[in-house]
Amino acid sequence: MSPIEVKDVIIRRLRPGADLLEELQNLTICEKIHLGQISGIGALTGATVGIFLPEQGRYQIEKFEGELEICSLTGNISLEDGRPFVHAHIVLSDKQGHAFGGHLFPGCSIFVAEIIILSFKGAKKERLPQSGFSGLALWPLEEELQKTSSKRALPPPHKRPRKPR
């Protein structure tokens, strides 16, 4: 695998009233980000989050209305079907200070959102449907990549020589 390096740092405030996931997805397309890391804070006026139910092979979706604080927004950007794809999770709190969260879905209306995206250059990550995971599109395990790679595989981290300090 080729080394991965930071290509760009994007710091933005997103449009009030817009959908959070849609704004993130559009930004990755406009900035041509194929591999990246997302973080953010802010507030929403409504949210839609989900949790994956493996036994049922689907997400359980929950909708929340009212003022919500974004305590944490974190995610990654990679490729799915050759296009940039945002996979993000969010932790929110309500007026009573109750925290909840899950997988970010469309339906999160921005009051204010400040985000930071680290865009990387180097190897690309492609999401592929994985057997045993109800068809979820995930990154292949490194062992799977090494089987298809003609390059010599690195030993597991615990067996690699340590650099002197």
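The values are calculated or read from the model by the stated rules, or taken from the named source; none is laboratory data. All figures in this text were calculated on a predicted structure; none of them were measured in a lab. Note: ideal-geometry Cβ built from the backbone for every residue, glycine included; neighbour counts use all protein chains shown.
Remarks
- Being in contact with a strand residue (DSSP E or B) (Cβ under 7 Å, 6 or more places away or on another chain), over 17 Å from E23 (Cα atoms) and surrounded by 18 or more Cβ atoms within 10 Å (Cβ to Cβ) holds for only one residue in G102, G122, G75, and it is G102.
- Summed over the stretch 52-94, the residues that are farther than 21 Å from I116 by Cα, modelled with pLDDT of 95 or more and not acidic (D, E) give a count of 5.
- Only one of the numbered conditions (1) closer than 23 Å to G97 by Cβ; (2) surrounded by 12 or more Cβ atoms within 10 Å (Cβ to Cβ); (3) without any contact (Cβ under 8 Å) to a residue 60 or more places away in the chain; (4) not acidic (D, E) is not met by T45, and that is (3).
- Residue within the stretch 2-11 that is of a type in the set (S, T, Y) and within 16 Å of the chain's Cα centre (by Cα) present: no
- Any chance P106 is closer than 24 Å to K125 by Cβ and under 19 Å from the mean Cα position of the chain (by Cα): yes
- Some residue of the stretch 63-81 being among the acidic types (D, E), in a loop (DSSP other than H, G, I, E, B) and touching a Phe, Trp or Tyr at 6+ places or on another chain (Cβ under 9 Å): no
- Residue ID - nearest to T45 (Cα to Cα), chosen from residues in the stretch 83-112 that are part of a loop (DSSP other than H, G, I, E, B) and touching a residue at least 12 places away in the same chain (Cβ under 8 Å): C108
- Filtered residues of the stretch 9-54 (kept if more than 23 Å from E126 (Cα to Cα) and small (G, A, S)): G17, A18, G40, G42, A43, G46, A47
- Here L35 clears all of (1) at pLDDT below 95; (2) of a type in the set (A, V, I, L, M, F, W, C); (3) over 16 Å from the mean Cα position of the chain (by Cα) except the condition numbered (3).
- Of the residues making up the stretch 1-46, those that are of a type in the set (S, T, Y) and not in a helix (DSSP H, G or I) are S2, S39, T45.
- The residues in the stretch 26-42 that are of a type in the set (D, E) and crowded, with 22+ Cβ neighbours inside 10 Å can be counted, and the count is 0.
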